[in-house]
Amino acid sequence: MTSLPMQHLGRLLALAMFLAALVGGGRDARADTAAAQALFDAARQLMAQGKYADACPKLEESQRLDPGIGTRFNLAACYEQLGRTASAWSTFLDVAGAAKAAGQVEREKVARQRATALEPRLIRLTITAPADAPADLQVKRDGAPVGRAQWGMPVPVDPGKHTIEAAAAGRSPFVKTVELTRAGATETVAIPPLPAGAQARAAAPPAGTSAPPASAAAPPPRFAAPPPRAAAPPAGGAALAPVAGRAPAPPAQPLTRRRSKGMMVTGIVLTSIGAVALVGGGLALASACSGAECGTEEELDPFEEDLTYAEEGGEQDAGYALIIGGLVFAGVGIPLAIIGGRKVPVQPEKKAASAPAPPPELVIGPRYAGLRWSM
């Protein structure tokens, strides 16, 4: 019985996991579709009973689980019955666009007619901001951000209460709630210039006053501290000057030297001799057997033939000898040059021994004079 290789076993395992995920995903999709259908049927029954407030949330959930043009059309109709004219108008337009893309001409026509019929009843809200509004001014309508492109533009909104908020860094926020109920009306909410916040007002100086000069900011102390006294000179000697603080000097780099200059020079010379010998041996071999003489088979006089062979044999032997000698010289010279040229650290005691002793120093005091030196 033969076993499957590990790579084939891994591929089979990955394929099994993919199929399991595919089956599980298909089951989840079928479950969502079934739930969406149940919600849609329940919403239709509630709409038939006139319970639109209960039907609209079920249609919204059904549309989220399984989006469809029919569900969206019924949701727009439910919004219309609840009086949410702006939501119904925009949803009918979405249905018209989706129906056109799907080739459902009749449904597109009906959706556009319903949207057109709602337009005279739309309530529009315009939000304006001052021309010198801060760059970080944030405006919200019912908690949703309102971009700058919408400022000064009438936007359809559903009837009811709407809260407008405006805020900026370092400014007091602006909040206003308006109730819109008149169909076809256009209301405007103007955001005033936001005053500075409490913290900004506390930090700013009072009006009509200027900041105190730097000299008056901090009064001089009443009693100045006495200057530091110099240290007393040691008995029998001159006064010592105070030593100024000094930054620590960077650590000195360790001194190095070559291991052996003589060995390095010897290695370089031997390597050069070996290189010259190799070149000379190569030239000797090339001249002993040129392409024109070695490849010919012309008949020569026996005496001339023996002489030619003797000359060629001598040149070849000399070439081989030079090459062998050159290899030996180079083989000995290269390691010597490398080992002798390698840098090694200088021992501390040798460094101290090589340093010259400081010269004698003349010392003169109030009661004595003499020489001081180091051994």
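The values are calculated or read from the model by the stated rules, or taken from the named source; none is laboratory data. For clarity, every value in this text was computed on a predicted model and none was experimentally measured. Cβ coordinates were reconstructed from backbone atoms using ideal geometry, including for glycine residues, and neighbour counts include every protein chain displayed. Heads up: the accessible areas ignore ligands, DNA and RNA and are worked out on the full protein's heavy atoms, side chains in. Shrake-Rupley method; radii C 1.70, N 1.55, O 1.52, S 1.80 Å.
Summary of values
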read-out	value
All positions within the range 90-101 that are open to solvent by 80 Å² or more (accessible area, probe 1.4 Å) and either over 29 Å from Thr181 (Cβ atoms) or of a type in the set (Val, Ile, Thr) (or both)	Lys100, Ala101
Out of Gln63, Gln104, Gln49, Gln113, sole residue that is crowded, with 16+ Cβ neighbours inside 10 Å and over 43 Å from the mean Cα position of the chain (by Cα)	Gln104
Top-ranked residue in the range 130-140 [being open to solvent by 40 Å² or more (accessible area, probe 1.4 Å) and more than 12 Å from Ala167 (Cα to Cα); ranked as farthest from the chain's Cα centre (by Cα)]	Ala131
Number of positions in the range 185-196 that are in a loop (DSSP other than H, G, I, E, B), over 14 Å from Val146 (Cβ atoms) and either open to solvent by less than 40 Å² (accessible area, probe 1.4 Å) or among the polar types (S, T, N, Q) (or both)	2
Test: residue in the range 163-171 that is more than 13 Å from Pro192 (Cβ to Cβ) and basic (Lys, Arg)	no
Single match in Ala166, Ala133 (criterion: of a type in the set (Gly, Ala, Ser), at pLDDT below 90 and farther than 28 Å from Phe92 by Cβ)	Ala133
Verdict on Ile127 being of a type outside the set (S, T, N, Q), buried (at least 21 other Cβ atoms within 10 Å of the Cβ) and under 18 Å from Ala183 (Cβ atoms)	no
